[in-house]
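The structure appears below as structure tokens.
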Amino acid sequence: MQFDDFYTNLGSFGRYQKTKYFLICLTYMLPPIMVYTWSFTAAKPNFRCRTPMDNALGVSPTDDGIRRYAPSESQCRQYHSKISVAECQKCYQLTNESDYDTSQMKPCTSFIFDRTYYQSTLVEEWYMVCGRVSLRSYVQTVFFFGYMVGSLVFGVLSDKFGRRPIMGVSFIVITLASLMCALVPHPKLGFEISYSVFVLGRFLLACGTRGVALTGFVIGSEIVGPKQRLFTGIVIEYFFAGGELVLLGFAYFMRSWRQLNTTLAMFSIPFLFFYFVLPESPRWLLSKGHYEHAERILRRIAKTNDTQFDSIAYEHLILAEKKREALHPKKVHGLKHLLQSKIMIIIAINMSFQWFVQNLVFYGVSQNTGEWLPNPYISFFAGALIEIAAYCVVHLVLDRFGRKLTYCGFVLFFGIVAFLVLPIQMFITTDSRVQRTLMFILNVALKFLASGSYAIIYIYANELFPTQARNTGMGICSMFARFGAIIATFSNDLLVRAWIHFPIIVYGTTSLIAVAFATICPETANRPLPQTIYDIDRMGLTLPCRKSRPLACDDMNGMTDSDEDIALKHQLNGNDIF
């Protein structure tokens, strides 16, 4: 007897699962709050060099007076060609307003920041602009490195000690790290100590949020039946976007970075008590041999769902689990299992690259939503709504058109739309109303497409790894994905200094490359989840079919049983299947 067969009789999506799944979805709102807080606490307001006129008492500098201290366009192009003219004029100034000798140009050491939308940000407090802009990038780099560490560490720990306790530990880490980021940095401690503690806090915050997101997603999929897994995999993303809207509400009314960080740290405290109401996964308990604990939870599920717990059937399930363990006590799992097949190796490498690109694109686009419109709060709100809309569309079409076609469509259109930035910038009057409108539409389209493909790749990759190595495969993909997020951060901070739309071209180029490689992956919709490496080999790759190489074809359904057996034997004997 299989667990799903027994579980269906208890009600695989009854009142118990719906209640617990809703609580899990609520916890999924916390990670985006902590991730995107950076968009407001370290927002980049408009700034300019502080001129001698700003230091004069009782004198309000005029625009003309300020411009007289800025280097000319020709000076910037000649002596600082690696950065844009606008960036040069923000970061350099002339020694005095009447001397245009290039030797008198010097980098600014003090700045005036626009307070229209922000009362104070870390960019202003630590002068993370111009030559110090890399300080801002390093914080996010460490944050995404924490994402990587958290994915690996909490993933392993949740498999060893259970989903529920690791989720509880993750909430504790988030709360403590949030308080560290909000309270420790202070001018009296100096920049070095404040910056170091803040970076450490962001690292721990990333580890904790990854622990919540990872274990929450796993519990949500493990407490329901097979037919509800697509539903739970998509709906939880709605709450992720909802967390962005909650953050926006806090950020709108709290314009100081310290006040916002402190409030969000307090907001995370109630989540500490979720440990007492979240369930442990009965699937995990059975896999670890905790049969009595699993029985208590399954009986509770039956009682809540008004169904009957069949003790005899449960005994048969336990006997089947013990027999399976006795037959395969030393079965190869993990990375070694993935390396047993050439087709599996190709799929694993391909999926790792796809995750890398999707994190590069998604975080690259998402981190810039605040710059779509002059008002960053309206821009962020629009970005969150677009993300929800993308998840809705994916939810509607993913089963109808399949994983592969839907994913390739989203990625291909992203690449095409990204390159439309070139004619918009080249042939339309700079900073005109038409250009601003078209760029807003383009950014909306990019956000929609990036959100859709980002959601699909999680489901698609999960269905391309066998059960014996699924967690390992997803962990490898997640590790490579963080490199994409790190590069996206540096692209948004550094490439824009050369041209503000340069990152979009980079994202579009990598998307077109990614869709070319994605076409070789097999379709997984309406197919059983692969259990073994041989199931993956039978799925094959989408390559030109040749009679002498049957396993290179995507559609193996047309093969007879004997043909399949012969092909598998050839592969096991070491023949070239490509």
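For a 25 Å ceiling on Cα separation, which of these pairs sit above it: Lys227/Lys303; Lys20/Lys322; Lys227/Lys447; Lys404/Lys447; Lys303/Lys323?
Those over the limit are Lys20/Lys322; Lys227/Lys447; Lys303/Lys323.
What is the sum of charges, Lys and Arg at +1 and Asp and Glu at -1, for the other residues whose Cβ falls under 13 Å from the Cβ of Ala42?
Overall, the nearby charge balance is +2.
Just to be sure I follow: if Rg is taken over the C-alpha atoms of segment 136-251 and Rh is the Kirkwood radius over the same atoms, what is Rg/Rh?
Reported Rg/Rh (Cα atoms, Kirkwood Rh): 1.05.
In Å², what does the accessible area per residue of segment 334-545 work out to with a 1.4 Å probe?
40 Å²
Using a probe of 1.4 angstrom, how much of the accessible area of segment 401-441 is carbon and sulfur, in percent?
Answer for segment 401-441 is 75 percent, counting heavy atoms of protein chains only.
Mind ranking 273-280, 149-156 by how tightly packed they are, going by the mean number of other C-beta atoms within 10 angstrom, highest first?
Order by mean packing, descending: 149-156, 273-280.
Quote the charge dipole size of segment 432-525 about the Cα centre in Debye, to the nearest 20; the model charges only the Cβ of Lys and Arg (+1) and of Asp and Glu (-1).
The calculation lands at about 380 debye.
For segment 334-545, give the magnitude of the charge dipole about the Cα centre (Cβ charges: +1 Lys/Arg, -1 Asp/Glu; no others), in debye to the nearest 20.
180 debye
Among Phe217, Cys207, Asn305, whose Cα lies farthest out toward the positive end of the dipole of segment 170-319, if unit charges sit on the beta carbon of Lys, Arg (+1) and Asp, Glu (-1)?
So the residue we want is Cys207.
With every protein chain kept in place and ligands, DNA and RNA left out, what is the accessible area per residue of segment 1-41? Probe 1.4 Å, answer in Å².
Solvent-accessible surface per residue comes out at 34 Å².
Pairs of Cα atoms under 8 Å, at least six residues apart: use those to get the relative contact order of segment 334-545, whole percent.
Contact order relative to length: 40 percent.
What does the convex hull of the alpha-carbon atoms of segment 334-545 project to on average, in nm²?
Averaged projected area of segment 334-545's Cα convex hull equals 12.5 nm².
Can you compute the radius of gyration and Dmax for segment 228-268, using only the Cα atoms, both in Å?
13.8, 43
Which net charge results when you count Lys and Arg as +1 and Asp and Glu as -1 among the other residues whose beta-carbon is under 15 Å from that of Pro31?
0
The values are calculated or read from the model by the stated rules, or taken from the named source; none is laboratory data. Keep in mind the model is a prediction, meaning the values are calculated, not measured. Glycine gets a Cβ as well: all are built from the backbone with ideal geometry, and neighbour counts include every protein chain shown. Protein only, heavy atoms only, side chains kept; ligands, DNA and RNA dropped before computing areas. Shrake-Rupley method; radii C 1.70, N 1.55, O 1.52, S 1.80 Å.
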